[in-house]
Amino acid sequence: MLPLQVIDGFLLQYNVGQALLLIFILATVGTLPLKSRRIIAANVTVFGLVFIMTPQALAPMHYLFLGIVLLVVGPVLWVTAER
């Protein structure tokens, strides 16, 4: 296990938006082997909500716009997914 100081020292170089974007990309890549568009749509929608609810003091404004786009794309993916 890594000590918390190492993790904290690494994360201090980045803002919260960048860390959330990395987690979103890793979560999306992790769901690709499941080949379920509904799971990907749920992932996109949840991260859209997370990006929108992140305080603007912690992340730049463009992550808010990314959250809005993800909240539009997520339900579209859900509706177009086959059962």
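The values are calculated or read from the model by the stated rules, or taken from the named source; none is laboratory data. Note that the structure is predicted; figures quoted are calculated from it, not measured. Backbone-built Cβ (ideal geometry, glycine too); neighbour counts: all protein chains shown. For the accessible areas, the whole protein counts, side chains as well, though only heavy atoms, and no ligand, DNA or RNA atoms are used. Shrake-Rupley method; radii C 1.70, N 1.55, O 1.52, S 1.80 Å.
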- Query: List the pairs whose first member sits in the stretch 3-26 and is within 26 Å of ILE68 (Cα to Cα), whose second member is loosely packed, with under 11 Cβ neighbours inside 10 Å, and whose Cβ atoms are under 6 Å apart, counting only residues at least 6 apart or on separate chains?
  - Reply: none
- Item | ILE7 being modelled with pLDDT of 95 or more and among the aliphatic types (A, V, I, L, M) | no
- Tally the residues that are open to solvent by less than 80 Å² (accessible area, probe 1.4 Å) and assigned to a helix (DSSP H, G or I), restricting the search to the stretch 47-67. 9
